[in-house]
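All remarks here apply to the structure that follows.
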């Protein structure tokens, strides 16, 4: 029996407001600074930082070596104040938390092709931030859907992640993307339980920990979507984690867009497609 969660309980109060416009998150992804892929039984796409195109200054390093695969790596060190990374294309921007620990975080270039600007900012008190360093680079992806088959800060996994192993188990004997999507969707819906306690206390900056989600089989809508995305991306199926509003309640929620059979399809593992239709959903950010 699929678990149906009332939409009014699925409030994603974690991401909407920060001192600079955009979305905020706070978790450093773990990736080898030299770009070495982690060990594991499965060959999922993992971001690399080979250092062939690097911009650096004032404790900030931006590795733009693989921007045509749809991601950029950013790290900072030696700062005691809170740090933000801002990824911009034209008038659009996405903002992220960045730990000052000298470890790369991976950010998607989900706004399409063009000349991107990446800024790193340091907290100057309250909600004010001052620029530390910035770089501009051209992005020319031959397939802009490729952004959504790599892990990034919101959807982080490696070959060894339990979600990847479960994905491989579920899809071992399946040949079509449609069959894989259906198998993974059903597993997430049937095995995950909505965490009302977490929903009541979640704070801004919350990021899904997929190892913990797989262990507890509980989470809020953000966790459902991050898990679903990781499991599908491990199969090479482009999957967007979407954040926006759902009507008529006008609440913040997270759902998925999956590229299957040549088109993007709306899917909501938290709600299991009950009670609302696709036109009720308005996207604000996608990852």
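Where a number appears in this text, it was derived from the coordinates with a stated rule and is not lab data. Treat the numbers as computed from the prediction; the structure is a model and nothing was measured. All Cβ positions, glycine included, derive from the backbone under ideal geometry; neighbour counts span all protein chains shown.
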Out of every Cα pair in the stretch 99-152, what percent are spaced more than 13 Å from each other?
70 percent
Helical contribution to [θ] at 222 nm, DSSP H n ≥ 4, -39,500 (n - 2.57), averaged over the chain, rounded to 500
-5500 deg cm²/dmol
Compute the helix-to-body angle for 162-171: its Cα long axis versus the longest principal axis of the chain, expressed 0 to 90° and rounded to tens.
50 degrees
If I stretch the segment between residue 82 and residue 113 completely, what's the gain in nm (0.36 nm per residue apart, minus their alpha carbon distance), one decimal?
8.2 nm
How big is the gap, in Å, between the Cα center of the stretch 46-88 and the Cα center of the stretch 252-266?
28 Å
Cα gyration tensor, the stretch 54-142 - rounded (a/c under 1.5), prolate or oblate:
prolate
Would you mind ranking 225, 76, 171 by Cβ crowding within 10 Å, fewest neighbours first?
171, 76, 225
Expressed in nm to one decimal, what extension gain is obtained for the pair residue 245 and residue 279 from 0.36 nm per residue of sequence separation less their Cα-Cα distance?
11.2 nm
Apply the a/c threshold of 1.5 to the C-alpha gyration tensor of the stretch 206-274 and tell me whether it is rounded, prolate or oblate.
oblate
P(r) over all Cα-Cα pairs of the chain, 10 Å bins from 0 to the longest distance, whole percent per bin, short to long, reads 6, 29, 36, 22, 5, 0
Pair residue 124, residue 58: separation of 7 Å Cα→Cβ label points (nm):
1.0 nm
Obtain the nm distance between the two label points defined at residue 137 and residue 43 by a simple spin-label model: each point lies 7 Å from its Cα along the Cα-to-C-beta direction.
2.5 nm
With 5 Å bins from 0: P(r) over the stretch 170-287, alpha-carbon pairs, percent
2, 11, 22, 25, 21, 12, 5, 2, 0
Which shape class applies to the stretch 84-212: rounded if a/c is under 1.5, otherwise prolate when a/b exceeds b/c and oblate if not, where a ≥ b ≥ c are the square roots of the Cα gyration tensor eigenvalues?
oblate
Rounded tilt (10° steps) of 177-191 against the dominant C-alpha axis of the chain:
80 degrees
Share, in percent, of DSSP beta bridges within the chain that are antiparallel, nearest 5
95 percent
Please compute, for the alpha-carbon atoms of the stretch 183-236, the extent along each of the three principal axes and give them in descending order in Å.
33, 22, 16
Most mobile listed residue (115, 127, 270) in the chain, GNM with C-alpha springs under 10 Å
127
How far is helix 221-233 tilted, in degrees, relative to the longest principal axis of the Cα atoms in the chain, given as a value from 0 to 90 rounded to the nearest 10?
90 degrees
By how many nm would the segment from residue 212 to residue 93 grow when fully extended, if each residue of separation counts as 0.36 nm and the alpha-carbon distance is taken off?
39.9 nm
Listed with the fewest Cβ neighbours within 10 Å leading, 253, 276 appear as 276, 253
Return a whole-number percent for the relative contact order of the stretch 54-142, with Cα pairs under 8 Å and 6 or more residues apart as the contact set.
30 percent
